[in-house]
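Trainee: Pasting in a structure now, in structure tokens, and then I'll have a few things to ask.
Values quoted throughout were computed directly from the atomic coordinates according to the rules given, and no laboratory measurement underlies them. This one's a predicted model, so the numbers in the text were calculated from it and none came from an experiment. When we count neighbours, we look across all protein chains shown, and the Cβ atoms used for this are built from the backbone with ideal geometry, even at glycine.
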Amino acid sequence: MAFDIEKIAELARLNLKPEEKKKLEKDLESILAYVEKLKTLDTSQVEPTSHVLNIENVFRKDEVKPAQVRDEALKHAPLVDGKFFKVPKVVEKE
Amino acid sequence: MSDNLHQLTVKKAIEFASKQGAEPILKAITERVKILNLQINAFLRFDPEKSFPLSPVSRPLPLSGVPISIKDNICIQGVETTCASKILVGHVPPYDATVIEKLKHAGAVIFGQCNMDEFAFGSSTESSAFGIVRNPWDLERVPGGSSGGSAAAVAADMTVAALGSDTGGSIRQPAAFCGVVGLKPTYGRVSRYGLIAFGSSFDQIGPITKTVEDSAILLNVLAGHDHRDSTSANAPVPDYTKALNRGVRGLRIGLPSEYFVSGLDSEVEQSVREAARIFKNLGAEIVEGISLPHTPYAVAVYYIVAVAEASSNLGRFDGVEYGLRVPAKDLREMYFETRDQGFGEEAKRRILLGTFVLSAGYYDAYYLKGQKVRTLIRQDFEKAFQKVDLILGPTAPTPPFKIGEKIDDPLAMYLSDIYTIPANLAGVPAMSLPCGFTKSGLPIGLQLTAKPFDEETIFQAGHAFEQELKLFNRKPKL
């Protein structure tokens, strides 16, 4: 199968170095060829497993509790502005 | 005794610390780490100064004064935690993982952070961004992975015990390669809060120890429901140490025919079959030829479903809130560049593969198909456990392989987890424990798998076997 590495890397928000692109593409094609073996199994009557414990959803009250995490979290951020994480601009001016 | 303090088990360290305090043990292993880590590289960080300010053991706690080392994907408050990845350099968690909180409350000393495959992606610890780990039994060989640093540290007596995490065998396979005991508990038995996620429906934290008894002592502390992890099970936690001396008389232990096939190393096969004979002599009933028919599909399911979860979990590493940020002209370019420079090759491979199997047009053919075959694998175990109490097999198909041997062939590397992955797919508990050595002196591990939440039967059988061979007395020459 042709694996469009450019498109997938774009979806994954991942720049790839030109030298790694070829190898990754080849590896991924061989892994996808290996997993083809699943197609030999008839699973038309099988329910998918997304979770092994079959547990119920857990609910709790949405209560406000005191927390001091903001300063802690900002302390190790790459770039902050007061109480905010700072990032480069999102939109270029025309 | 005092000359061999680094060799103490958890059980003996508790006894020693209650009489003479923890400091002599800490000094002994610190000295050892200083010398051996230069070669083995099992620890990414250890700060003897930070490990020491222990108040003298005043009241007896379950793990008073026992040093425990931590895999570097488990958050420790105020201490850099990186998953052995460049993208998390400088990441200092503002909170403790639940297991760390439990260890601290039990009186344990958090002793250093162990090297691992980057984000736990690997079976050899060669994908760490901070250098490979060497196997204490043969420095030219890998310690297994991804918890290779934890297993090597325990095997080399550089610590008393360690925590690892297991998504597809990452506790058990390195335990087998390093000749120590590694337990992956039932999914949900131990809280994942504070474990940096890889495959959220697979990940479990578990102990890597010198003995089965130590494993039971640690699980007593680690297990239990946690309101901060909605997938942790609200099931009662027994005293696991009570199971140790029950013996194996009457236990039905099954050998799956799909586990003893081509690809299994002959010395490993011989050793595991010999273990079955020992169990039989101890009074267990060995059931040959039980069937787990979908075993040959396990690796394929795993490399669809687990990488899908991984690609989603690793979406959060974008350079905004913590860790590495590569400056760029705009936000979008910052994401792309940070992730390019921050992630290593195996992480990129799994992110791409996971993104692909979840992408429009391929979801049903790969991800949904994988989840359905996962159901078939769960059902295999459910059927097998109607006939037997435990499943016995090899932990890994080969003894530890050479450094560099599989690094250029991802598929060959993935297949080294063929026997460990099924337990993660089914959520069942499984333990690797030493069962022998190859002619050239490399450790071999066997795997015991039990029904969900039946770790007790694993401890019961594992301890009986261990007391018979006493392989823990054999140490690597370092």
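Trainee: When Cβ neighbours within 10 Å are restricted to other protein chains, what is their mean count per residue of peptide B:338-344? Each step should come with its number before you reach the end.
Mentor: Details: counts 4, 6, 7, 2, 1, 2, 0.
So the per-residue partner count for this stretch is 3.
Trainee: Under a point spin-label approximation (7 Å from Cα along Cα-to-Cβ), what is the B:Ala328-B:Ala235 distance to one decimal in nm?
Mentor: 4.4
Trainee: Would you mind giving the average projected area, over all directions, of the Cα convex hull of the range B:411-471 in nm² with one decimal?
Mentor: Computing the convex hull of the Cα atoms and averaging its projections yields 5.0 nm².
Trainee: Quick one: the Cα spread of the range B:283-440 along its three principal axes, in angstroms, biggest first?
Mentor: Principal axes ranked by extent give 70, 43, 26 Å for the Cα atoms.
Trainee: Now for a separate question. Amide H neighbours of B:Thr186 under 5 Å, at least 5 residues apart or on other chains, H built in the peptide plane: list them.
Mentor: Amide H to amide H, under 5 Å and 5 or more residues apart or across chains, B:Thr186 pairs with B:Phe453.
Trainee: Additional query: Using bins 20 angstrom wide from zero, how does P(r) for chain B break down, in % of all Cα pairs?
Mentor: Values per bin, smallest distances first: 26, 60, 13, 0.
Trainee: Now a separate question. Over chain A, what per residue volume does the convex hull of the Cα atoms give, in whole Å³?
Mentor: On the way: hull volume 28.3 nm³, N = 94.
So the per-residue hull volume is 301 Å³.
Trainee: Can I ask one more? Calculate the mean, over all residues of peptide B:360-366, of how many other protein chain Cβ atoms lie within 10 angstrom of the residue's Cβ.
Mentor: Working: counts 1, 0, 3, 0, 0, 4, 5.
Taking all residues of B:360-366 together, the mean is 2.
Trainee: Work through the residues other than B:Ala17 whose Cβ is under 12 Å from its Cβ and net out their charges, Lys, Arg +1 and Asp, Glu -1.
Mentor: Numbers: positive: B:Lys11, B:Lys12, B:Lys19; negative: B:Glu15, B:Glu23.
Local net charge: +1.
Trainee: Starting at the first residue of the range A:65-74, write each ³J(HN,Hα) from the Karplus equation 6.51 cos²θ - 1.76 cosθ + 1.60 with θ = phi - 60°, in whole Hz, x for Gly and Pro.
Mentor: Result, ordered by residue: 10, x, 8, 9, 6, 4, 4, 4, 5, 6 Hz.
Trainee: Follow-up. Viscosity 1.306 mPa s, temperature 10 °C: what is the translational diffusion coefficient of the range B:8-98 from Stokes-Einstein with a Kirkwood Rh over Cα pairs, rounded to a whole number of µm²/s?
Mentor: Numbers: Rh = 14.7 Å.
Estimated via Stokes-Einstein, D reaches 108 µm²/s.
Trainee: Could you derive backbone 3J(HN,Hα) for the range B:141-149 from the dihedral phi with the Karplus parameters 6.51, -1.76 and 1.60 (θ = phi - 60°), listing whole Hz in sequence and x where the residue is Gly or Pro?
Mentor: Using θ = phi - 60°, the values come out as 10, 7, x, x, x, 8, 7, x, x Hz.
Trainee: Counting only C-alpha contacts under 8 Å and six or more residues apart, can you give the relative contact order of chain B as a whole percent?
Mentor: For chain B, the relative contact order is 18 percent.
Trainee: Considering the dipole of the protein assembly as shown built from charges on the beta carbon (Lys and Arg +1, Asp and Glu -1) around the Cα centre, which of B:Met413, B:Ser18, B:Phe121 is farthest to its positive end?
Mentor: The residue sitting farthest along the positive end of the dipole is B:Ser18.
Trainee: Could you work out, residue by residue across A:53-62, how many beta carbons of other chains sit within 10 Å of that residue's beta carbon, and then give the average as an integer?
Mentor: Values: counts 11, 1, 6, 1, 1, 6, 1, 2, 0, 0.
Mean inter-chain Cβ contacts per residue within 10 Å come to 3.
Trainee: Where does the protein assembly as shown land on the Kirkwood hydrodynamic radius, alpha-carbon pairs, in angstrom?
Mentor: One decimal place: 24.0 Å for the Kirkwood radius.
Trainee: At 7 Å along Cα-to-Cβ for each site, give me the label-to-label distance between A:Val46 and A:Lys65 in nm.
Mentor: 4.1
Trainee: Continuing with the same structure: With a 10 Å radius around each residue's Cβ, average the other Cβ atoms per peptide and rank A:61-70, B:92-101, highest first. Show your work: numbers first, answer last.
Mentor: Working: A:61-70: 6.1, B:92-101: 21.4.
Top of the packing list down: B:92-101, A:61-70.
Trainee: Another question about this same structure. Going by average Cβ density within 10 Å per residue, which order do the peptides B:149-162, B:108-121 take, highest to lowest? Before the final figure, lay out the partial values.
Mentor: Values: B:149-162: 31.4, B:108-121: 29.0.
In decreasing order of mean packing, B:149-162, B:108-121 become B:149-162, B:108-121.
Trainee: Right, something else. For the pair B:Leu478/B:Arg273, report the inter-label distance in nm, with labels modelled 7 Å from Cα in the Cβ direction.
Mentor: Going by the 7 Å Cα→Cβ label model, 3.5 nm.
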